[in-house]
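Colleague: Attaching a single structure in structure tokens format; questions to follow.
The values are calculated or read from the model by the stated rules, or taken from the named source; none is laboratory data. Predicted model only: the values in this text are computed from it and were never measured. Quick reminder, even Gly has a Cβ in these numbers, built from the backbone with ideal geometry, and neighbours come from all protein chains shown. Areas reflect the complete protein model, heavy atoms only, side chains present, ligands, DNA and RNA absent. Shrake-Rupley method; radii C 1.70, N 1.55, O 1.52, S 1.80 Å.
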Amino acid sequence: MPQKRIVILGAGFGGLTEAKAIHKYLKNDQDVDILMVNQSPYHVYLTELHEVAGSRVSEDGILVPIEHVLEHTKVRFVQDTIKTVDVDNHKLISDEAEYPFDYLIVACGSQPAYFGIPGMKENALTLWSLDDAKKIHQHVLDVFEQASKEKDPAKRKELLTFVVGGGGFTGVEMMGELRQWTEVLCKRYGIPKEERTLIIVEALPKILPNLPDSLIEKAKNYMTKKGINIMTDSPITEVEPGIIHLKSGETIKAGTFIWTGGVEAKDFVKNIGLRTGKRGKIEVNKYMQSVDDPNIYVIGDDAYFVTEHGEMPALVESAMESAECACYNIAADIHGQPKKEFKLELRGVMVSIGSTYAVAHVMNMKMSGVFALLMKHLVNLNFLFGVGGIESIVKYIKYHFFQSNRGRPMIIKHMTVKSQTFWLSLIRFFLGLLWITEGITKVQDGWLSGYAKIGDVGSGASLQLVGPSTPGWYAWIAEHIIYPNAIFFQSLIVLTELALGLMFIFGFLTFIGGIISAFMSINFMLSASASAGAAVTPSLLNPGNLWILVLSIAMLGGAGRAFGLDYYFMPYLKELIRYYQRNHRLALIPLIKHVLKKDQ
Ligand SMILES: Cc1cc2nc3c(=O)[nH]c(=O)nc-3n(C[C@H](O)[C@H](O)[C@H](O)COP(=O)(O)OP(=O)(O)OC[C@H]3O[C@@H](n4cnc5c(N)ncnc54)[C@H](O)[C@@H]3O)c2cc1C
């Protein structure tokens, strides 16, 4: 039996960071068992929930399979919902099982806080889980359905009023999506856009309090221009079905009310029996240990940790940094080394307002518009690469740019029409035969025999690169670089042609083959003669080469995946990269077995 059992509870931003970090620190410790327990088999990319709620990205676009993240690590995964923790006997308890631990890391995240506002919990939608996002999505569709049938203009106006309570980043991001999506729905249901009302209600004097004033101003201006009303200094005092009461005495009648005004620790966490600070979060010391039990570490949204700048905020960066610190300290404890103190270093906040605008304050740089948006995407991609490797990046790009549910430019819509790769494989064989025949012909012509076959007109060479219509820059390269090294370049051409032939015939690294093939055909088109032995003719538009170029580009669409080695090799390559990411070494043979097993 292993001597040390570590259990990570929760696979959110903090939990996944822990899994990676604990593997890094303890991968060589044979006597350590690490288990991750999470209620669902997926990590939910919480910071993009508003995109699902607002129908920009479908549900699958924000899910990362946990098994996938943990592959090639020593962290095991169990899907289970923990109901309680037996702190005295160091056990997690669910309806199905018990999980004993020597070290526990609590990373269960948070839930909406209602601050005792009457009717809030019962009558508001919230945005803090995938189910919440799906509920909002369905609700908005239902409201439009009803509004499209409603004859009474006053009732229709109420139905088409969307209120977000809370002007923090969650509220603003939610409203940004609602603004765009409701425009699409207005068109779809034939409702004039003017009938729709969008309101953010914030209790504080300003929205987005984590940002510098200049960025807040930009965000406000953008939203106002887009028709969003922002009410600050407007605490909500009560919520009835369809009616929001403000402290000022004003009421707002709205078909949709989404509350994003604050968070607190999960009920389950509050009731574990460890000392808690504000909003039910568990009090931790500078090593991220519960102040009551040094073997229970608490991180992210569940940890109550106060720095000289105030309480650790419920942010992704807080979760990831505290997770890293907790893992370091568990490893240090096991290895009998000194622990390190937690130092929170927040690098920035990024807030998207719909799919085309964002504001960001990152490492003291203020950004807005496309740059801020780009920064947000880059940060997301960086995190996803870290946890899920290339596949997660490809998935993110696919869902955000190519399969987004709304606002895709026409060109992207056309580019993402799916077709059977099988048909491309026929072209691939043909192209392969073309290249290999070309290569073999050149070998038979003595291109590898050490005699120059590339040269000037009049030199007797079988390939002349410069003709009457060759562009000047290309002629310069031919005369100054290629002709003086003719033997080298002609050998390179022959070997490349033979390699391309084999790559296309066997469907191996077809994408790279497509790029090289396109490059070669452009070269031949720019040069004077189309192929070995051809007469010196202007060949910029030589139809033979143009076809090769077109077919080469078609190879970029995954042509090697049907009846080709890429079907096996590409997953293998991804697996290799992922393994290397986690372990900083390669395991070539075991991974082949792993990929073949997955394919069954
Ligand atoms: C819509 C939205 C937008 C946000 N935008 C930003 C942003 O732009 N920037 C930013 O920094 N932060 C943002 N946040 C906050 C950020 O997502 C959280 O601070 C962060 O997710 C906290 O990480 P965590 O690991 O503590 O918890 P979480 O990421 O919430 O993970 C908790 C995990 O625990 C699991 N779990 C919970 N209870 C149990 C149980 N009983 N048994 C088993 N498993 C359980 C859950 O399934 C989940 O996987 C946003 C949050 C939301 C909801």
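Colleague: In this structure, does Ser352 turn out to be under 30 Å from Leu215 (Cβ atoms), outside the structural domain of Ala19 (by TED's automatic domain parsing) and under 21 Å from the mean Cα position of the chain (by Cα)?
Modeller: When the stated conditions are applied, Ser352 passes them.
Colleague: Which residue, of Glu194, Glu173, is outside any strand (DSSP E or B) and within 26 Å of the chain's Cα centre (by Cα)?
Modeller: Glu173
Colleague: Out of all the residues in segment 67-76, is one or more outside the structural domain of Glu18 (by TED's automatic domain parsing), crowded, with 17+ Cβ neighbours inside 10 Å and within 12 Å of the chain's Cα centre (by Cα)?
Modeller: no
Let's see how each residue does on (1) over 24 Å from Thr17 (Cα atoms); (2) at pLDDT below 95; (3) within 12 Å of the ligand (Cβ to nearest atom):
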position	(1), (2), (3)
Tyr99	no, no, yes
Tyr103	no, no, no
Trp128	no, yes, yes
Lys134	yes, no, no
Glu173	yes, no, yes
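Colleague: So, in segment 287-318, of the ones that are in contact with a helix residue (DSSP H, G or I) (Cβ under 7 Å, 6 or more places away or on another chain) and open to solvent by less than 10 Å² (accessible area, probe 1.4 Å), which residue ends up nearest to the ligand (Cβ to nearest atom)?
Modeller: Gly300
Colleague: Need a quick list: strands (runs of 3 or more DSSP E) entirely within segment 230-277 having at least 2 residues that are open to solvent by 60 Å² or more (accessible area, probe 1.4 Å) and either hydrophobic (A, V, I, L, M, F, W, C) or away from the ligand (no atom under 16 Å from the Cβ) (or both).
Modeller: Hits in segment 230-277: 236-240, 251-253.
Colleague: I'm told Glu341 meets every condition in (1) at pLDDT 90 or above; (2) of a type in the set (Asp, Glu); (3) open to solvent by less than 70 Å² (accessible area, probe 1.4 Å) except one. Can you identify the failing condition by its number?
Modeller: (3)
Colleague: A further question follows. For segment 71-97: of the residues being under 21 Å from Glu18 (Cβ atoms) and of a type in the set (D, E, K, R), which is nearest to the ligand (Cβ to nearest atom)?
Modeller: Here the answer is Asp80.
Colleague: Follow-up question, since we're still on this one. Quick check on segment 106-121: of everything there that is touching a residue at least 40 places away in the same chain (Cβ under 8 Å) and more than 11 Å from Gly262 (Cβ to Cβ), which residue is most open to solvent (accessible area, probe 1.4 Å)?
Modeller: Pro118
Colleague: Additional query: Answer yes if at least one residue in segment 23-36 is within 18 Å of the chain's Cα centre (by Cα), open to solvent by less than 20 Å² (accessible area, probe 1.4 Å) and among the hydrophobic types (A, V, I, L, M, F, W, C), and no otherwise.
Modeller: no
Colleague: Same structure again: Hey, among the residues in segment 527-551 that are assigned to a helix (DSSP H, G or I) and closer than 19 Å to Lys442 by Cβ, which one's modelled with the lowest pLDDT?
Modeller: Gly544
Colleague: Is it true that some residue in segment 74-81 is more than 29 Å from Pro313 (Cβ to Cβ), touching a Ser or Thr at 6+ places or on another chain (Cβ under 9 Å) and not in a strand (DSSP E or B)?
Modeller: So far as segment 74-81 goes, yes, one or more of its residues are more than 29 Å from Pro313 (Cβ to Cβ), touching a Ser or Thr at 6+ places or on another chain (Cβ under 9 Å) and not in a strand (DSSP E or B).
Colleague: Filter segment 558-586 down to the residues that are among the aliphatic types (A, V, I, L, M) and in contact (Cβ under 8 Å) with a residue 60 or more places away in the chain, then identify the one that is farthest from Gly513 (Cα to Cα).
Modeller: Result: Ile577.
Colleague: Inspect all residues belonging to segment 293-316 and state whether any of them is assigned by TED's automatic domain parsing to the domain that holds Lys91, in contact (Cβ under 8 Å) with a residue 24 or more places away in the chain, under 30 Å from Gly242 (Cβ atoms) and not polar (S, T, N, Q).
Modeller: yes
Colleague: Can you name every residue in segment 383-392 that is within 16 Å of Leu576 (Cα to Cα) and either hydrophobic (A, V, I, L, M, F, W, C) or free of Cβ contacts under 8 Å to residues at least 60 places away in the same chain (or both)?
Modeller: Phe385, Val387, Ile390
Colleague: Which condition breaks for His68 when tested against (1) more than 10 Å from the ligand (Cβ to nearest atom); (2) within 30 Å of Arg179 (Cβ to Cβ); (3) not hydrophobic (A, V, I, L, M, F, W, C)?
Modeller: In the conditions (1) more than 10 Å from the ligand (Cβ to nearest atom); (2) within 30 Å of Arg179 (Cβ to Cβ); (3) not hydrophobic (A, V, I, L, M, F, W, C), His68 misses (2) alone.
Colleague: Go through segment 25-64 and count every residue that is over 30 Å from Thr356 (Cβ atoms), in contact (Cβ under 8 Å) with a residue 40 or more places away in the chain and more than 9 Å from the ligand (Cβ to nearest atom).
Modeller: 9
Colleague: Can you name every one of the strands (runs of 3 or more DSSP E) wholly within segment 335-375 that holds 1 or more residues which are within 12 Å of the ligand (Cβ to nearest atom) and either over 30 Å from Gln3 (Cβ atoms) or in contact (Cβ under 8 Å) with a residue 40 or more places away in the chain (or both)?
Modeller: Qualifying strands (runs of 3 or more DSSP E): 348-352, 358-362.
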